[in-house]
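What follows is a single structure, written as structure tokens, with notes after it.
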Amino acid sequence: MKLIVGLGNPGVNYEYTRHNIGFIILDHFAENRKVNFKAGRGDWYESSFKVNCEEVFLLKPYTFMNNSGSAVTEFCEFHEIKQNDVLVIYDDFQLQLGTIRVRKKGSDGGHNGISDIMYRMNTNEIPRMRVGIGNEEVLNKDEFIDFVLSNFSKDEFKILKKLMPEFEKCIISFITEEIKVTMNNFNKSFLISGKENSEIN
């Protein structure tokens, strides 16, 4: 049994913000598998499907980002899911758009969503998939919040759409293989080259 968690904020005002990349990826992943999200017994939306007879849950906490841990912890306790079988997908503005970093444990890196999950589960040994949302612009400390809560541009969304198959492959790899294999295969930049970028504009 596996649990794939996408982090984000609920509501139309946040739907296409950089901070919601976890929701965006999970929605696309579910759509391609023709499964729908439904309201859960707690503050979340959930879906499920099977891979090689193994049940896989998809979870979108609706607690708002800073309280993501309450939904994840409650869901894991109810379904008796081990922390090593959880993959948390979230944004990282310090990574360039199109970059993936999978880790089996680590610090929160200043991200309030994963920080709350680690706090409530009382461990930093939670597999995570950090997805780059950054650009070449150098941000000052007081600009971070405004940046992550800003919407992706149309060009960035085109790039994300092109990259979705790679994000999906990474998730499937976590479900079906050892995490070391996933890290070796997907910890890199999938940035589209200038030539490819011109083709999608």
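Throughout, read-outs are computed from the coordinates displayed, never taken from laboratory work. Note that this is a predicted model, so its numbers are computed, not measured. Backbone-built Cβ (ideal geometry, glycine too); neighbour counts: all protein chains shown.
Worth pointing out:
- Neighbour net charge for Asn67 - beta-carbon separation under 13 angstrom, K R +1, D E -1: -2
- Segment 14-51: trypsin sites (Lys or Arg not before Pro) in DSSP loop, at most 11 other beta carbons within 10 Å: Lys34, Arg41
- Anisotropy class of segment 11-147 from Cα gyration tensor, a/c 1.5 cut: prolate
- Long hydrophobic helices in the chain: none of the complete DSSP H runs spans 24 Å or more by Cα along its own axis with mean Kyte-Doolittle hydropathy of at least 0.5.
- Top positive-direction residue, dipole computed over the chain with Cβ charges, set Gly42, Pro127, Phe186: Phe186
- Residues Val72, Val148, Val56, ranked from the fewest to the most other C-beta atoms within 10 Å, line up as Val148, Val56, Val72.
- Compactness check for segment 65-116: Cα Rg over 2.2 N^0.38 Å is 1.24.
- Note on the chain: antiparallel DSSP beta bridges, both residues inside, total approximately 55 percent of the bridges counted.
- Note on Lys105 and Lys50: the extension gain reaches 17.3 nm, defined as 0.36 nm multiplied by sequence separation minus the Cα-Cα distance.
- Point-charge dipole on Cβ atoms (K/R +1, D/E -1) for segment 1-136, about Cα centre, debye to 20: 280 debye
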